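Student: Encoded as structure tokens, here's the structure I'll be asking about.
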Amino acid sequence: MRRNVVAGNWKMNNSFDQAEELLSAIADELDKIKTKASEVVVCPPFPYLEMAKDIALECDFGVGAQNVSQFDAGAYTGEISASMLASMSVKFCIIGHSERRKYFGETDETLAIKVKQLLANDIEPIFCIGELLEEREANRHFDVVKEQMEKGLFHLSADEFHGVIIAYEPVWAIGTGKTATSEQAQEMHAYIRTLISKKYGQSVADDITILYGGSCNAKNAQELFANKDVDGGLIGGASLKAEDFITIVQSF
Ligand code: PGA
């Protein structure tokens, strides 16, 4: 179902104590809000998921992981399966982040398996796509995003696809302070919806939540979220400060 979502991607940041402090600060800030403008999801590193879930019980935010294994179970040292996350009632999981594609060799083919694993375990994938700077400069950004969608997601049935959140994150905007312009974001989000419509029909396309990510912050969120095809954000750096994060949550 399409809705406004703001998800915080903490990446590999914070000690246990710092994580507790930040989660409590987010909970406190959320408590002060009468009407939340969007659904809130926090994605801390794996060791803090349980703590995040405990704190989330008292105030209303979702908890997500930042990665999942493509395998079911067994001899895969260091991996975390979708069923393990489900057994902890984790409801969201980021996959396909450009950092995982770049540093851990994740391919569209692996992601196609991961997305199935998550859906089979009732976890909403936050599926990241987006082009590199040289791809945009070569005017290939639409082709790149199309290929990522086709290879990573279009093997799903329409029913399955309904359960996916998409995050468009131009790689050149991630952690660089260089945000896509409002026009660039809207243009790509509209294009993504057209791809979905061609594959699954207009009603599915209208029903999918598409987030923007890449240097989205407390100052620019409102302008980005005002675009008709932008349903919220996947927030990295700015999700590590409770006040900024909540300002973004309220930027609709
Ligand atoms: P950023 O990261 O907000 O720090 O650019 C976004 C992301 O990587 O999801």
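Student: Can you compute the FRET efficiency between D28 and H162 using 1/(1 + (r/R0)^6), with r the Cβ-Cβ distance and R0 = 30 Å? Round to the nearest 0.05.
Tutor: 0.30
Student: Report the paramagnetic label zone for D72: residues of the stretch 86-111 whose backbone N is under 13 Å from a point 7 Å from Cα along the Cα-to-Cβ axis.
Tutor: No residue qualifies, since no backbone N sits under 13 Å from the label point.
Student: A further question on this structure: Accessible area per residue of the chain at 1.4 Å probe, in Å²? Each step should come with its number before you reach the end.
Tutor: Details: 11390 Å² over 252 residues.
I get 45 Å² per residue for this part.
Student: Extension gain D122-H155, at 0.36 nm per residue separation less the Cα-Cα distance, in nm?
Tutor: Working it through step by step, the gained length comes to 10.1 nm.
Student: So what's the gap between the Cα centers of the stretch 174-252 and the stretch 104-168, to the nearest angstrom?
Tutor: 16
Student: Could you work out the relative contact order of the stretch 118-215? I mean the mean sequence separation of Cα pairs under 8 Å and 6+ apart, divided by the number of residues, in percent.
Tutor: It rounds to 34 percent for the stretch 118-215.
Student: Report the chymotrypsin sites (Phe, Trp or Tyr not before Pro) located in the stretch 11-117 that are in a DSSP loop and have at most 11 other Cβ atoms inside 10 Å of their Cβ, or state none.
Tutor: In loop regions of the stretch 11-117 (DSSP not H, G, I, E or B), the sparsely surrounded chymotrypsin sites (Phe, Trp or Tyr not before Pro) are F104.
Student: Net charge within 12 Å of Q186 by Cβ-Cβ distance, Lys/Arg positive one each and Asp/Glu negative one each, not counting Q186 itself?
Tutor: Around Q186, the charge tally is -3.
Student: Let me ask you something else. Can you tell me the relative contact order of the stretch 5-249? Whole percent, Cα pairs under 8 Å, sequence separation 6 or more.
Tutor: After rounding, I find 21 percent.
Student: Let me ask you something else. Cβ under 11 Å from W172's Cβ, W172 left aside: what net charge do those residues give with Lys, Arg +1 and Asp, Glu -1?
Tutor: Overall, the nearby charge balance is -3.
Student: Now a separate question. With springs only between Cα atoms under 10 Å apart, run a GNM on the chain and tell me which of I33, I55, I126 wobbles the most.
Tutor: Looking only at I33, I55, I126, the largest GNM fluctuation is found for I33.
Student: Right, something else. Using a Förster distance of 30 angstrom, determine the FRET efficiency expected from the C-beta separation of S203 and N13, and round it to 0.05. Show your work: numbers first, answer last.
Tutor: Numbers: r = 39 Å, r/R0 = 1.30.
With R0 = 30 Å, the Cβ-Cβ based efficiency is 0.15.
Student: Give me the percent of the accessible area of the chain that comes from carbon and sulfur atoms, probe 1.4 Å, all protein chains in place.
Tutor: 50
The values are calculated or read from the model by the stated rules, or taken from the named source; none is laboratory data. These figures come from a predicted structure and were not determined experimentally. Because the Cβ atoms are built from the backbone with ideal geometry, glycine has one as well, and the counts that use them run over all protein chains shown. Surface areas here come from the heavy atoms of the whole protein model, side chains and all, with no ligands, DNA or RNA. Shrake-Rupley method; radii C 1.70, N 1.55, O 1.52, S 1.80 Å.
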